[in-house]
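Participant: Okay, handing you the structure first.
Taken together, the values in this text are just the output of simple stated rules run on the coordinates, not laboratory data. What you see is a predicted model; the values in this text were computed from it and never measured. Methodologically, a virtual Cβ is constructed for each residue, glycine included, from the backbone with ideal geometry; neighbour enumeration extends over all protein chains shown.
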Ligand SMILES: [Zn+2]
């Protein structure tokens, strides 16, 4: 789609795993270590536009990537979130699921994580206002994730 950063490849996040219809991207400005995005290759705004097999693939792939992230980052808790359409806070009209790993005492109240996702919306991606990882750190993380997931692409 014309102005979509995911479709135009205008994103800094790096693919570390994929499946037929979805990609796993490591967030260049993670809320917490491990913060990743699951994105369909096809431009859809809503989960309601996915076929049933695509939806099942999304759920299965998201869980599989979460298993690998939990292992690599030595975590055992996580949040998943997606904002589906504008009234729900979606600012980028291409479906994406956030996987946010959680660590003991990472926030004073474990329920306070959502504002960290939301406050960063604004520019191309929701990472615009968080500190970006240095190239070297990003490469190290993506290498570990690709090794763990057996990713062969890119
Ligand atoms: Zn798109």
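Participant: Quick one: which of 85, 20, 10 is within 14 Å of the ligand (Cβ to nearest atom), more than 13 Å from the chain's Cα centre (by Cα), surrounded by fewer than 18 Cβ atoms within 10 Å (Cβ to Cβ) and more than 17 Å from residue 145 (Cβ to Cβ)? First the steps, then the outcome.
Facilitator: Numbers: 85 fails: within 14 Å of the ligand (Cβ to nearest atom); 20 fails: within 14 Å of the ligand (Cβ to nearest atom).
Just a single option satisfies the conditions, and that option is 10.
Participant: Every residue in the stretch 24-42 that is touching a helix residue (DSSP H, G or I) at 6+ places or on another chain (Cβ under 9 Å) and outside any loop (DSSP other than H, G, I, E, B), please.
Facilitator: Across the stretch 24-42, the qualifying residues are 24, 26, 36, 38, 40.
Participant: Could you please give the count of residues in the stretch 50-71 that are surrounded by 18 or more Cβ atoms within 10 Å (Cβ to Cβ) and in contact (Cβ under 8 Å) with a residue 60 or more places away in the chain?
Facilitator: So the answer is 3.
Participant: Another question, if that's okay. Residue 75 versus (1) surrounded by fewer than 18 Cβ atoms within 10 Å (Cβ to Cβ); (2) assigned to a loop (DSSP other than H, G, I, E, B): which is the lone unmet condition?
Facilitator: If we test residue 75 against (1) surrounded by fewer than 18 Cβ atoms within 10 Å (Cβ to Cβ); (2) assigned to a loop (DSSP other than H, G, I, E, B), just (1) comes out false.
Participant: Okay, moving on. Quick one: is residue 31 more than 26 Å from residue 103 (Cα to Cα) and within 15 Å of the chain's Cα centre (by Cα)?
Facilitator: No, not satisfied.
Participant: Next question, about the same structure. Only one residue in 76, 27 is without any contact (Cβ under 8 Å) to a residue 12 or more places away in the chain and either under 22 Å from residue 141 (Cβ atoms) or touching a strand residue (DSSP E or B) at 6+ places or on another chain (Cβ under 8 Å) (or both), so which one is that?
Facilitator: Sole residue among the options that is without any contact (Cβ under 8 Å) to a residue 12 or more places away in the chain and either under 22 Å from residue 141 (Cβ atoms) or touching a strand residue (DSSP E or B) at 6+ places or on another chain (Cβ under 8 Å) (or both): 76.
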